[in-house]
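Enquirer: Can you read through this structure? Questions will come right after.
All of the numbers you see were taken from the coordinates with simple rules; none came from a lab. None of the values given here were measured: they were computed from a predicted structure. All Cβ positions, glycine included, derive from the backbone under ideal geometry; neighbour counts span all protein chains shown.
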Amino acid sequence: MASVKVAVRVRPFNQRELDMDAKLIIQMNGKKTGILNSKANTRDESIRYKEFTFDYSYWSHDDDSEEFASQEQVYKDLGTEVVDCAFQGYNACVFAYGQTGSGKTYTMMGSSDNQGLIPRICKALFERMAEDSKRGTTHRVQVSYLEIYQEKVADLLRVTHYGHIQECMNRGNSHRTTAATNMNDVSSRSHAIFTITFVQAGYCDGVPSETVSKIHLVDLAGSERADTTGATGQRLKEGAHINKSLVTLGSVISALAELSIESHGQKKFFIPYRDSVLTWLLKDSLGGNSKTIMIAAISPADCNYGETLSTLRYANRAKNIINKPTVNED
Ligand code: ADP
């Protein structure tokens, strides 16, 4: 039995927050992330300060602090496990959750000189395949990059070689649906799902066998509530779709958490995978035989207190899922 891993990563202040002299309300200590309600007019410490424990709490401000996490560190902690999972024949899902501008894309994609999880995982997968093929295993890799925008799915690419992936990811990224909101100059209003289907073919006791694993790497749309972004018309409609799928993802997660706490899978629970396109697509990587990693991206600033607290609560709910590992064999 393996539990879901949940990490929180706070980004540095952005220019807008620096310009408005925003205050730092996040504290990290070991695995703990604390949030201070600097506006609360009370001495009640439980209202003024809330603390959560995650598998990892990643700091981004001063690189001397123990909690500071580089892109490489995040990959070492979370990405290597995904690669191991794929080679062992399990499914995996990594998703980045958080309000727009909180660091989801930075963590998942990164930049060309500071790559995030997706390119690092792809690179490691292909390096390990090259080593493995020397031992007689053959592999097939299929990659899809899907966008869910207003509950409609679009496939952004289709590639089979690592050499094409970087280029195609850039192309896929430039195709993502973005629009301006008051929250940030450019806001991601769609979910981006990068999926690697990994087939290992070899012999088991002299009999040909194939193992198939699926890795979903998901950069979710901004989680901010529609009313805080000043959205109307089309933007409001987008917000409603985004909220619906994130709420459904939350319901699926809490149903799975309940399932694991109550019965370790003995009792029948209704898991509402079909309530959104997002959860329907991620079905095989949430619960069951898969490894799930959630990265909650947050702002350090007091002006984002409400959204940050709601992200921390969402991440906290995800902690209790326990997946039952079974290997996919074709
Ligand atoms: P989101 O995908 O959540 O909308 P982004 O990943 O685009 O947010 O991040 C917003 C900005 O903050 C970007 O300019 C990004 O480079 C920067 N940023 C985010 N997280 C970090 C981090 N951990 N360290 C340094 N810069 C970061």
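Enquirer: What FRET efficiency do you get for residue 50 and residue 197 if R0 is 35 Å and r is their Cβ-Cβ distance, rounded to the nearest 0.05? Could you put the intermediate results ahead of the total?
Expert: Details: r = 40 Å, r/R0 = 1.14.
In this case the efficiency is close to 0.30.
Enquirer: Could you line up 93, 85, 303, 204 from fewest to most neighbouring Cβ atoms inside 10 Å? Provide the component values of the computation, followed by the final result.
Expert: Values: 93 25, 85 21, 303 14, 204 10.
The most exposed by this proxy come first: 204, 303, 85, 93.
Enquirer: May I pose another question? Structure shown: which of 134/214; 104/291; 5/39; 123/283 lie over 27 Å apart, alpha-carbon to alpha-carbon? Walk me through the intermediate numbers first.
Expert: Details: 134/214 23 Å; 104/291 19 Å; 5/39 32 Å; 123/283 25 Å.
Pairs exceeding the cut-off: 5/39.
Enquirer: Among 197, 211, rank each residue by its count of other Cβ atoms within 10 Å, from fewest to most, as a rough exposure measure.
Expert: Details: 197 16, 211 20.
Lowest to highest Cβ neighbour count: 197, 211.
Enquirer: Same structure, new question: By the scheme Lys and Arg +1, Asp and Glu -1, what is the net charge of all other residues having a beta-carbon under 15 Å from that of residue 275? Let's see the in-between values first.
Expert: Working: positive: 244, 274, 283; negative: 151.
Overall, the nearby charge balance is +2.
Enquirer: I've got another one for you. With labels modelled as points extended 7 Å from the Cα through the Cβ direction, what inter-label distance (nm, one decimal) is found for residue 150 paired with residue 303?
Expert: Result: 3.0 nm between the two label points.
Enquirer: What order do you get for 13, 126, 198, 270 when you list them from fewest to most C-beta neighbours inside 10 Å?
Expert: Values: 13 19, 126 15, 198 23, 270 8.
Ranking 13, 126, 198, 270 by Cβ neighbours within 10 Å, fewest first, gives 270, 126, 13, 198.
Enquirer: When the Cα centres of the stretch 83-147 and the stretch 48-62 are compared, how far apart do they sit, in Å?
Expert: Cα centroid of the stretch 83-147 versus Cα centroid of the stretch 48-62: 25 Å apart.
Enquirer: Between residue 134 and residue 80, what is 0.36 nm times their sequence separation minus the Cα-Cα distance? Round to one decimal in nm. Please report the intermediate quantities before stating the final value.
Expert: On the way: separation 54, 0.36 × 54 = 19.44 nm, distance 2.10 nm.
Length difference between fully extended and current span is 17.3 nm.
Enquirer: Then there is this: Apply 1/(1 + (r/R0)^6) to the Cβ-Cβ distance of residue 167 and residue 127, taking R0 = 22 Å, and write down the FRET efficiency to the nearest 0.05. All intermediate terms of the calculation are to be shown ahead of the outcome.
Expert: Working: r = 19 Å, r/R0 = 0.84.
The computed FRET efficiency comes out at 0.75.
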